[in-house]
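Encoded as C-alpha coordinates, the structure appears first; notes follow it.
The values are calculated or read from the model by the stated rules, or taken from the named source; none is laboratory data. Because the structure is a prediction, the values reported are computed rather than measured. Ideal geometry is used to build each Cβ from the backbone, glycine not excepted, and the neighbour counts take in all protein chains shown. All accessible areas refer to the heavy atoms of the entire protein, side chains included, with ligands and DNA or RNA removed. Shrake-Rupley method; radii C 1.70, N 1.55, O 1.52, S 1.80 Å.
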Amino acid sequence: MLALTGDTRRWEPKKLRLRLFSAAAQFVNTGRRHWLRFTGRWPWTDVITHVIARLHILPNPG
(Lines give C-alpha, C1' and ligand atoms only; values in the text may rest on other atoms or scores of the structure.)
Protein backbone atom coordinates (compact mmCIF):
# COMPACT_ATOMS: atom_id res chain seq x y z
CA MET A 1 0.00 0.00 0.00
CA LEU A 2 2.99 2.34 0.42
CA ALA A 3 3.63 2.55 -3.30
CA LEU A 4 0.06 2.77 -4.57
CA THR A 5 -1.30 6.17 -5.59
CA GLY A 6 -4.59 7.63 -6.77
CA ASP A 7 -7.51 5.27 -7.35
CA THR A 8 -5.35 2.18 -6.90
CA ARG A 9 -4.82 3.07 -3.25
CA ARG A 10 -8.56 2.66 -2.63
CA TRP A 11 -8.87 -0.80 -4.20
CA GLU A 12 -10.39 -3.38 -1.90
CA PRO A 13 -8.22 -6.41 -0.99
CA LYS A 14 -10.01 -8.77 -3.39
CA LYS A 15 -9.64 -6.36 -6.30
CA LEU A 16 -5.99 -5.74 -5.38
CA ARG A 17 -5.22 -9.47 -5.39
CA LEU A 18 -7.02 -9.98 -8.69
CA ARG A 19 -5.33 -7.12 -10.52
CA LEU A 20 -1.82 -7.11 -9.10
CA PHE A 21 -1.03 -10.56 -7.79
CA SER A 22 -2.44 -12.54 -10.72
CA ALA A 23 -0.47 -10.68 -13.40
CA ALA A 24 0.94 -12.67 -16.28
CA ALA A 25 4.73 -12.54 -16.05
CA GLN A 26 7.87 -14.55 -16.73
CA PHE A 27 10.89 -14.85 -14.47
CA VAL A 28 13.93 -14.62 -16.77
CA ASN A 29 17.52 -15.50 -15.85
CA THR A 30 20.22 -13.94 -18.01
CA GLY A 31 23.78 -14.32 -16.85
CA ARG A 32 23.81 -13.11 -13.26
CA ARG A 33 20.71 -10.96 -13.53
CA HIS A 34 17.11 -11.88 -12.83
CA TRP A 35 14.28 -10.08 -14.57
CA LEU A 36 10.54 -10.17 -14.02
CA ARG A 37 9.04 -9.61 -17.47
CA PHE A 38 5.38 -8.61 -17.58
CA THR A 39 3.22 -8.96 -20.66
CA GLY A 40 2.23 -5.74 -22.38
CA ARG A 41 -1.37 -6.82 -22.87
CA TRP A 42 -2.16 -7.02 -19.14
CA PRO A 43 -4.36 -4.00 -18.31
CA TRP A 44 -2.53 -3.16 -15.08
CA THR A 45 1.08 -3.67 -16.17
CA ASP A 46 1.79 0.05 -15.94
CA VAL A 47 0.42 0.12 -12.38
CA ILE A 48 2.65 -2.79 -11.35
CA THR A 49 5.79 -1.31 -12.88
CA HIS A 50 5.03 2.07 -11.28
CA VAL A 51 4.61 0.39 -7.87
CA ILE A 52 7.92 -1.49 -8.23
CA ALA A 53 9.72 1.73 -9.19
CA ARG A 54 8.26 3.58 -6.19
CA LEU A 55 9.28 0.75 -3.84
CA HIS A 56 12.88 1.03 -5.04
CA ILE A 57 12.86 4.73 -4.11
CA LEU A 58 11.82 4.10 -0.48
CA PRO A 59 14.67 3.95 2.06
CA ASN A 60 15.78 0.55 3.32
CA PRO A 61 14.43 0.12 6.89
CA GLY A 62 17.07 -2.43 7.89
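Some notes on this structure:
- Residues in the range 12-62 that are of a type in the set (Ser, Thr, Tyr) and either surrounded by 13 or more Cβ atoms within 10 Å (Cβ to Cβ) or assigned to a strand (DSSP E or B) (or both): Thr30, Thr45.
- Hits in the range 38-54 (condition: among the hydroxyl-bearing types (Ser, Thr, Tyr) and touching a helix residue (DSSP H, G or I) at 6+ places or on another chain (Cβ under 9 Å)): Thr39
- Selection count, the range 7-35, where residues are at pLDDT 85 or above and among the small types (Gly, Ala, Ser): 2
- Count of the range 1-11 residues which are part of a loop (DSSP other than H, G, I, E, B) and either open to solvent by less than 100 Å² (accessible area, probe 1.4 Å) or within 12 Å of Val47 (Cβ to Cβ) (or both): 4
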